[in-house]
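Quick note: the coordinates plus some simple rules give every number you see, no bench work behind them. Because the structure is a prediction, the values reported are computed rather than measured. We place every Cβ from the backbone using ideal geometry, glycine too, and count neighbours over all the protein chains shown.
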Amino acid sequence: MTRWEPNARERLAQAALDLYAERGFEQTTVAEIAKRAGLTERTFFRHFTDKREVLFSGGTELQEHMVSGVLHAPADAAPMEAVAAGLAAGGEVLEERRAFAQKRAAVIAASAELQERELIKLASLATALAQALRRRGVAEPAASLTAQAGIAVFHVAFARWVGDGHELALPEVIRDSLDELRAVTAGPR
């Protein structure tokens, strides 16, 4: 095996996801992932801290896009509209990885440990969005309430998007889910 392997990170991620789907997360070892990818365990640990991180390593990039979307929303945008811009920016990033996201979601749904980790990541996203709203001048508790509502919308939209037969792009599903939230909070007219 050569010292440098092209696309090692992507190969490891795909091998891990395939094995998790076939055998389950808990039953898959790092050695098996590395072998499936045609790499060594040492190479695995150069790219990922542990086998869970294969599923969650894109969280930082997603958070950066969402926060940037909030911060770059028009200055006169209402807090929820700024969060909507952030969610759409995150949705665009994930749209490019739909097949991976669908398989990833199924793996996470099959593991209580991974579901817990997913909820922690969502909480971190909500915290980052609330901080971005505060930077825009939104006071508490409005910043936290808006960020939490936005992450709830994102969570529901993502689940719909990875579900079987859903053909809309994630930013569209997010927009539809935001419209649903607006409808249920508007009350009777």
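To test your reading of the geometry: what angle, between 0 and 90 degrees and rounded to tens, separates the Cα axis of helix 170-186 from the longest principal axis of the chain? Taking the Cα atoms of the chain, the angle to 170-186 is about 40 degrees. Using C-alpha pairs under 8 Å with a sequence gap of at least 6, the mean separation divided by the residue count of the chain gives a relative contact order of 19 percent. In this label model, Thr185 and Lys35 are separated by 5.1 nm, measuring between points 7 Å along each Cα→Cβ vector.
If I model the range 8-54 as equal point scatterers sitting on the Cα atoms and use the Debye formula, what is log10 I(q)/I(0) at q = 0.20, 0.24, 0.28, 0.33 Å⁻¹? These q points yield log10 I(q)/I(0) values of -0.49, -0.72, -1.01, -1.40. Considering only Val107, Val138, Val173, the mean-square fluctuation computed in a Gaussian network model of the chain, springs between alpha carbons under 10 angstrom, is largest for Val138. Listed by chain and number, the lysines whose alpha-carbon sits under 26 Å from that of Lys35, ignoring those within fewer than 8 places in the same chain, are Lys51, Lys103.
So, with +1 on the Cβ of K and R and -1 on the Cβ of D and E, and no other charges, what is the size of the charge dipole of the range 58-186 about its Cα centre, to the nearest 20 debye?
260
The calculated FRET efficiency for Glu96 paired with Gln27, based on their beta-carbon distance and R0 = 22 Å, is about 0.15.
You can think of it this way: the chain between Arg136 and Asp18 has 38.3 nm of extra reach, that is 0.36 nm per residue less the Cα-Cα gap. Using the alpha carbons alone, the radius of gyration of the chain stands to its Kirkwood radius in an Rg to Rh ratio of 1.04. Seen from Val67, the other residues with C-beta closer than 12 Å to its C-beta sum to a net charge of +1, counting Lys and Arg as +1 and Asp and Glu as -1.
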